[in-house]
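The values are calculated or read from the model by the stated rules, or taken from the named source; none is laboratory data. Because the structure is predicted, anything quoted here is derived from the model rather than measured. Note: ideal-geometry Cβ built from the backbone for every residue, glycine included; neighbour counts use all protein chains shown. Protein only, heavy atoms only, side chains kept; ligands, DNA and RNA dropped before computing areas. Shrake-Rupley method; radii C 1.70, N 1.55, O 1.52, S 1.80 Å.
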Amino acid sequence: MFAEFDLVMPGDLDEALDILAEAGGDGDAGILPLAGGTNLVVDLRARRIRADKLVGLGRIAALRGIERSNGRVTIGAGTTLSDILRDPGMVEAAPSLVDSARVFAGQMVRNTATVAGNVCCGSPAADTVPPLLSLDAEVTLAGKGGTRNVPLADFFLGYQEDERRPAELVTKIAWDAPKPKSANLFYKLARRKGDAITVVGVAVTVAVEAGKCTTARIALGAVAPVVKRAREAEALLEGEALTPELIEAAARQAAEDSSPIDDVRASADYRRHSVHALTRRLLSQAWAQVTEGG
Amino acid sequence: MTETESWANVNLRQVGRPLARTDAPGKAAGKTRYAGDYTMPNMLHAKVLRSPEASALLRRIDVSKARALPGVACVLTAADLPDRKASTDIPGQTGKKKLATDQQVLVKERVRYHGEPLALVAAETQAIAEQAAELIDFELEPLPGVYDPFKAMRPGAPVVTAPDNVVGEHKVRKGDIEKGFAEADEIIENTFRTQFIEHAFLEPEVGLAWIDENDVINIRVATQVIEHFRPIAEAVGVPHNKVRILGALVGGGFGGKEDVTVEIYLALLAQATGRPVRLAYTREDSMFGHGKRHPFVITHRTGFTKDGRITAVKVTITADSGAYVFLSPYVLLYATVAAPGPYRVDNVHVDAVAAATNNMFTSAFRGFGAAQACVAHEAQMDEAAKALGIDRMELRRRNFIRTGDKLVTGHPIESAVWADECMTKAWEALGERTPDAGPVKTGRGVATYQQSYGRITWLHDTSEAWVGVEVDGSVVVRSGVTDIGAGQVSALGQIAAELLGVGLDDVTIYNSDSAVTPLAGTTTATRGLYMTGNAVRLAAEAIRGRFLARAAREFGVEPGEVDLAESKAFVTDRPDKSMAFKALVALCASEGVHRSELVMFRAPFTGQIDPETGQGRVHPDYAYGAQAVEVAVDTETGEVTVLKSVGAHDVGQAINPDAVAGQIEGGAAMGQGYALSEELCYEEGRLTTPSFSEYLIPTAMDVPRYQSIILESRSGLGPFGAKGIGEPALTPVAPAIANAVADAIGVRVFDLPITPEKIVMALRRAEAAE
């Protein structure tokens, strides 16, 4: 059973921000934004989180919609995982995000959970975050004082800690559509195929020009307090042709860049092993994709 | 996908057909009322407060704040209850019932497991009940506990309940084990471990109790066993005839609703308040609310000749009984009987023990010990085949038990043993082998089994049913049987319809009311169809006999020349000589022919087995079958994908092949979870996997298209030669998957569940060993 709380459903963004700012300029831990609610409601029910008031975001038109223009992809904060899967352009605009949406929880959760909510839930196992990191996504935060853009790579400060202030809302997430000669992949390793919490998630981006890797992104989920990029591993790849030896070295480096824990799902040892195996596999697949016929 | 193969030449008209089950339309349309759907005016809502510690002393419990909360009707602690206990040990279970192992209804002093109930609350709303539970102030002093059955049996170990931690022991001594091993060319020894698992039925425990104008405590409850009115009455201190259990269609049982769950709490709260009380467990409550499957450690030492004949088997079994006895000694007995598998072994030695710990108590779970035994004996056969260089199925064929052979208990098997037929068909149905793809390796496995159906013969099991025909020709069946989702009730309708020559639609069935439907016994032990099906058959046959006699007189022929079908009575060789069933019934009614019959069916009654040798009869009969699976294992990540899974079972006679296939498919899914992903983890007795985000049952994404092959030997003790399928459907699945994984990667994971991590570690060890 729930503890009691109020639910308000503001009709526009300004109203929502006013409510969030009600208890002093910095907001109040008792007033929480409610997007899809697939984490928040569970936590409220289990009394892991207390709320006096929930600010439902479902009626705010400004948070809806997916836009693509001039090579830039922008999704409103209200975009659900099912919206991602239903948009035929997404397969090109964010291949890894589509991969992650396909294995994200179950159908009912996908229908209501939002990408922005997944980003803001603070879980290192959030499935959309490695793909968004691998796409160099940027988060737009709105507050009473205005809006600001934060690269997703700088958004996470620590376990359950991020750049969003309590009285701010994420309004959109944007990234550049992948270049033509690039590959962008995601793999979720879990204890079962449907409706599972990720044990290790890996997203990679590899772009190529003249036989050399120009951009390499490796983003790792569930192996550190926050989803993070394996920057040292990425650095090994940029400017190089990706030989099996180099890929192996980068995969090993990615495993070293991770700092997993033992928990009920898996040991740290297995997680590190899997980062190595999956990074190697995804980089090999990505390189094969971008060099095929070229 | 289902394929039925019947080699019998019998003309059945209703039985054996995939008719739409009587419970299907209500479920499909959402009209079925489950126990949780019932409410009453003036009803209270209950909550159980549970211990957060596994082993502790309850120093103090103060419910004054909870009682003072507006809207709270009643808070009960052990201090408010008379000093009665709830029995957890069936009388005669071990022949030496330990009264001390009965369970306190609420903790008086000693907490023995995480989740043991401390207090009961009833309030005007669920929210108030929960708030009140939070206001109960209590102090627990942690005590040293014991969390491992091996440690529990060591001298000096903390004793869960006096006098000691051994709650069950069984032995088999058959033949000459020393001689058997001396004759062996190869001796293979392995140890296998299975885990705690959860039934994970769709419908958590729920019930509604009220006391009527005759002082009868009525309890509408989701249960497999309405006959629990007896221990419930004893626990709350009223005569047996003052508790009435009303069932409802049950949203899954699997053994988890075989013991008493919410009933005693409901009865106590209804007594204390005089008002109707509803108690509905959440999923998290359910994790603490019923016993789990026993973890087993099983060591097999098996002697083989070089041509693959078993010369001797020595099995040791250790089971974790958790904090209370419940059905542990029986589960252990089933494992003991099933230990060598469906193989002919002349020299057998089994030592089985169940020990109490401060883990969650363990009790009935589909397969009931035989499933754990199968995990071990089927892995052992594959390991032996590998060591002997003999094909896995060929090794099994050389050792299968045959009709007339004696089981480990010395009792001869009388029905058909179609283990080979089932295994061969299941394997063939796998079709072409899926090729390996890089690091993803394909493997195949098969497992066979021997699973009893019907209860232990010295429990003197009986089942009653009443069949009657109304004056308009419609048929009524009354029987206490509970339907836990497998179509138990519908099957009874098909049997009555068959014998009375009417359609299933013409039959109405009243069931699971301990006061007004004849007591049919439990829906457990794969006994429902065998026992109650026979009772309905006998009752319907009695009426049929009277109707045939009357019709024969009308037609001027002998009764043996008349048949009933398609709602008509007719002369078999002269179909033109016929009359409507309705007309025949009206005629019988007008003449006072008895149109109903109450029958008690009795299973074979025996004495107990010899406790020193395990020799004697334990079960009425056994079912045989096999599962074959193909898996793909990612050798880099350890992920397993089940590609194909085929269950082939000799069910004797399928009453409804669709219902049988439902059991086979459900067993395939449940067994897959047992093999690969499901595990309740306890740390120092504390459950660390209390929800479905940690406890992982297979989802639709995880399962292949299951295939069912139904074989019908018509050799069983059930109606029309039926055996049973409820438990058998599950039993071979996990070992078949384990064998397929071992086949794929070349090394074996000896502990269930076979997680990706264990596969990676096993491969790493194998690599290091090379």
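A few comments on the model shown:
- Across all C-alpha atoms in the range B:439-484, the radius of gyration and Dmax reach 21.9, 70 Å.
- Using the average count of surrounding beta-carbon atoms within 10 Å as a protection proxy, the listed peptides B:372-383, A:265-276 rank, highest first, as B:372-383, A:265-276.
- Under the shape rule built on the C-alpha gyration tensor, where the axes satisfy a ≥ b ≥ c, the range A:112-189 is oblate, since a/c reaches at least 1.5 while a/b does not exceed b/c.
- The distance from the alpha carbon centre of the range A:194-271 to that of the range B:468-524 is 62 Å, rounded to a whole number.
- In percent, rounded to a whole number, the relative contact order of chain B is 17, using alpha-carbon pairs under 8 Å and six or more apart.
- Rounded percent of accessible protein surface that carbon and sulfur make up, the protein assembly as shown, 1.4 Å probe: 50 percent
- Peptide A:106-113 shows a mean partner chain C-beta count of 1 within 10 Å per residue C-beta.
- Among A:Leu185, A:Leu157, A:Leu278: highest mean-square fluctuation, GNM of chain A, C-alpha pairs under 10 Å: A:Leu157
- Straight-distance candidates among the aspartates and glutamates for linking to B:Lys151, with alpha-carbon spacing under 20 Å and chain neighbours fewer than 8 residues away dropped: B:Glu53, B:Asp164, B:Glu169, B:Asp320, B:Asp351, B:Glu683, B:Glu684, B:Asp751.
- Using only alpha-carbon positions in the range A:244-283, the gyration tensor eigenvalues give semi-axes of 21, 9, 6 Å once each is multiplied by 5 and square-rooted (largest first).
- For the segment A:188-200, counting C-beta atoms of other chains within 10 Å of every residue's C-beta and taking the mean gives 6.
- Surrounding net charge for B:Arg455, when Lys and Arg each add one and Asp and Glu each subtract one, Cβ distance under 9 Å: 0
- Overall form of the protein assembly as shown per C-alpha gyration tensor (a/c, 1.5; a/b vs b/c): prolate
- In the A-B interface, the accessible area buried, summed over both sides, Å² (probe 1.4 Å): 2300 Å²
- Greater than 28 Å apart at Cα, pairs in B:Lys179/B:Lys758; B:Lys85/B:Lys257; B:Lys65/B:Lys108; A:Lys181/B:Lys644; A:Lys212/B:Lys441: B:Lys179/B:Lys758; A:Lys181/B:Lys644; A:Lys212/B:Lys441
- Whole-Hz ³J(HN,Hα) from phi, Karplus 6.51 cos²θ - 1.76 cosθ + 1.60, for the range B:357-370, glycine and proline x: 9, 8, 7, 3, 5, 10, 7, 5, 7, 1, x, 6, x, 5
- Neighbouring Cβ atoms from other chains, within 10 Å of the Cβ of residues in B:636-642, number 5 on average.
- The magnitude of the dipole of the range B:360-415, with charges of +1 and -1 set on the Cβ of Lys/Arg and Asp/Glu and taken from the Cα centre, is near 60 debye.
- Hydrodynamic radius of the range B:411-531 per Kirkwood, over alpha carbon pairs, in Å: 18.0 Å
- Working note: Cα atoms of chain A, range along each principal axis, descending, whole Å: 57, 45, 33.
- Counting Cα-Cα pairs of the range B:541-605 in 10 Å increments starting at 0 gives whole-percent bin shares of 21, 50, 18, 9, 1.
- Three-way shape call for the range B:673-722 based on the alpha-carbon gyration tensor, with the a/c threshold at 1.5: oblate
- Per-residue ellipticity at 222 nm, computed for chain B from helices alone with -39500 (n - 2.57) per DSSP H run of at least four residues, works out to -7500 deg cm²/dmol.
- In this view, the solvent-accessible surface of B:Lys644, computed with a 1.4 Å probe and all protein chains in place, comes to about 50 Å².
- Label separation (B:Val166 vs B:Arg154): 1.8 nm, computed from points 7 Å beyond Cα along the C-beta direction.
- With contacts taken as Cα pairs under 8 Å and at least 6 residues apart, the range B:104-236 reaches a relative contact order of 9 percent.
- Charge-dipole axis of the range A:218-280 as Lys and Arg at +1 and Asp and Glu at -1 on Cβ define it, positive-most pick from A:Ala233, A:Thr279, A:Ala249: A:Thr279
- Order of exposure, largest accessible area first, which applies to A:Lys172, A:Lys53, B:Lys406 with probe 1.4 Å: B:Lys406, A:Lys172, A:Lys53
- Values of log10 I(q)/I(0), in the order q = 0.05, 0.10 Å⁻¹, for chain B under a Debye, Cα-only, solvent-free model: -0.26, -1.03
- Working from Cα pairs under 8 Å separated by at least six residues, relative contact order for the range B:534-671 is 15 percent.
- Charging the Cβ of each Asp and Glu at -1 and of each Lys and Arg at +1, and nothing else, the dipole of the protein assembly as shown about its Cα centre rounds to 1260 debye.
- Alpha-carbon centroid distance for the pair the range B:339-367 / the range B:123-194, whole angstrom: 12 Å
- Per-residue ellipticity at 222 nm from helix content only, as computed over chain A with -39500 (n - 2.57) for each DSSP H run of at least four residues, stands at -9000 deg cm²/dmol.
- Between the range B:699-770 and the range A:95-169, the C-alpha centres lie 40 angstrom from each other.
- All lysines inside 21 Å of B:Lys174 as judged from Cα atoms, apart from same-chain residues fewer than 8 positions distant: B:Lys314, B:Lys406
- Here the Karplus curve 6.51 cos²θ - 1.76 cosθ + 1.60, taken at θ = phi - 60°, turns the phi angles of the range B:645-659 into couplings of 8, 10, x, 10, 9, 7, 8, x, 8, 6, 6, 9, x, 5, 5 Hz, with x standing for Gly and Pro.
- Rounded accessible area per residue of the range B:592-748, 1.4 Å, Å²: 27 Å²
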